[in-house]
Amino acid sequence: MHINRVLVLIMAIFFAGQFSYAQQRPITGTYMFNGLLINPAYAGSLNLFSATFVHRDQWVNIDEAPTLQSLTAHSSFKKNRIGIGIAAYRDQLGVTTQSGFYGSYAYKIRMSGAILAMGIQGGFDNREIDFSRLDLFNLDDPLLSGNESKMSPNFGTGIYLANREFFVGLSVPYILENKVTNVIDSEARESRYYYGTAGAAITMSKLIKLNPSVLLRFQENAKPQFDLNFNLIFESVAYAGVSYRSSNALTFVFQLILNDNLRAGYAYETETSSINAYSPGSHEILVNYRIKIRNAKKDPQCPVYF
């Protein structure tokens, strides 16, 4: 078996096979531009229609390494009182492919100087394993033959407080801890994550704003992790920044506002762990399309930079 495939297999076993709770929910390098991925209360926060597509190639040059595609879309309704969104994704690691589809609903309360949103989401995940692609030592192993497919429902919730200058969010987007596989002897289950986010837009000059933010991730039966992000916003048109992830990753992030409707982003992530000897890093692209809602009035509390 090629050394790269051995690496991916070892990592897959480490994350999904040996423990009762496994890490399944990927975090993208551009999540700060795509809040619906981690918090259903983010739906409709922009008071316009927004759709975002993300493609991520992780650990380039390693065979069977993870790839992710996600599509989110959301909009506000009822004079910016509610938000509705959808999120779909496909995440592939080696012989395992996980996909899902979720719908979200947020109810927004106008407060003094900000908007507080409470959101819920519900949907399903589907995990498929193609054992026929494995190089097996025992071809007669009944547990590692053919294909396996398992669909599981899930739901989650979150809150989001924001205005044009800051945001704070808390969410548990996937509450149920479903079994990962139908294999009888396996006790592996989906992990429950708790996310905390906060950020601000600080005016440094007429042309430049500083956009710091933090993401806290708490996974049951695992060490807490965090992301520290520092972006500079140039003339409200271009974003450039760096993000440090406590799980040994450094990410460089860029976003360019092409016009009123279209934005494009890119993230390059390099590992600071030993895997850096086998892969130059990970690449991610983001495309965001926005449409102003007809007859919608400008809301001075709606986020502009988040």
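The values are calculated or read from the model by the stated rules, or taken from the named source; none is laboratory data. Just so we're clear, the structure is a prediction, and the values are computed from it rather than from any experiment. In this analysis, Cβ positions are derived from the backbone assuming ideal geometry, glycine residues included, and neighbour counts consider all displayed protein chains.
Numerical summary
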{"item": "Residue satisfying all of: in the stretch 288-303; exposed (fewer than 15 other Cβ atoms within 10 Å of the Cβ) and within 25 Å of the chain's Cα centre (by Cα); farthest from Gly44 (Cα to Cα) among these", "result": "Tyr289"}
{"item": "Subset of the stretch 77-109 that is of a type in the set (D, E, K, R) and not in a loop (DSSP other than H, G, I, E, B) - its residue that is farthest from Asp125 (Cα to Cα)", "result": "Lys108"}
{"item": "Selection within the stretch 218-236 - in contact with a Ser or Thr (Cβ under 9 Å, 6 or more places away or on another chain), touching a residue at least 60 places away in the same chain (Cβ under 8 Å) and not acidic (Asp, Glu)", "result": "Gln219, Asn221, Ala222, Asn229, Asn231"}
{"item": "Hits in the stretch 193-218 (condition: in a strand (DSSP E or B) and of a type in the set (A, V, I, L, M))", "result": "Ala198, Ala200, Ile202, Ile208, Leu210, Val214, Leu215, Leu216"}
{"item": "Considering residues of the stretch 174-192 that are touching a strand residue (DSSP E or B) at 6+ places or on another chain (Cβ under 6 Å) and assigned to a strand (DSSP E or B) only, the residue modelled with the lowest pLDDT", "result": "Arg189"}
{"item": "Any hit, the stretch 117-134, residues being within 21 Å of Glu284 (Cβ to Cβ) and part of a strand (DSSP E or B)", "result": "no"}
{"item": "Considering residues of the stretch 23-62 that are assigned to a strand (DSSP E or B) and surrounded by 20 or more Cβ atoms within 10 Å (Cβ to Cβ) only, the residue farthest from the chain's Cα centre (by Cα)", "result": "Ser50"}
{"item": "Condition broken by Ala65, with the remaining ones in (1) part of a strand (DSSP E or B); (2) among the small types (Gly, Ala, Ser); (3) modelled with pLDDT under 95 satisfied", "result": "(1)"}
{"item": "Exclusive hit being part of a strand (DSSP E or B), surrounded by 14 or more Cβ atoms within 10 Å (Cβ to Cβ) and without any contact (Cβ under 8 Å) to a residue 24 or more places away in the chain, set Tyr239, Tyr244", "result": "Tyr244"}
{"item": "Conditions (1) crowded, with 16+ Cβ neighbours inside 10 Å; (2) in contact with a Phe, Trp or Tyr (Cβ under 9 Å, 6 or more places away or on another chain); (3) among the hydrophobic types (A, V, I, L, M, F, W, C); number of the one not met by Ala249", "result": "(2)"}
{"item": "Asn259 being loosely packed, with under 13 Cβ neighbours inside 10 Å and closer than 21 Å to Phe33 by Cβ", "result": "yes"}
{"item": "Condition check for Thr270: farther than 22 Å from Tyr160 by Cα, in contact (Cβ under 8 Å) with a residue 40 or more places away in the chain and surrounded by 14 or more Cβ atoms within 10 Å (Cβ to Cβ)", "result": "no"}
{"item": "Enumeration of residues in the stretch 90-101 that are under 20 Å from Asn39 (Cβ atoms) and without any contact (Cβ under 8 Å) to a residue 24 or more places away in the chain", "result": "Phe101"}
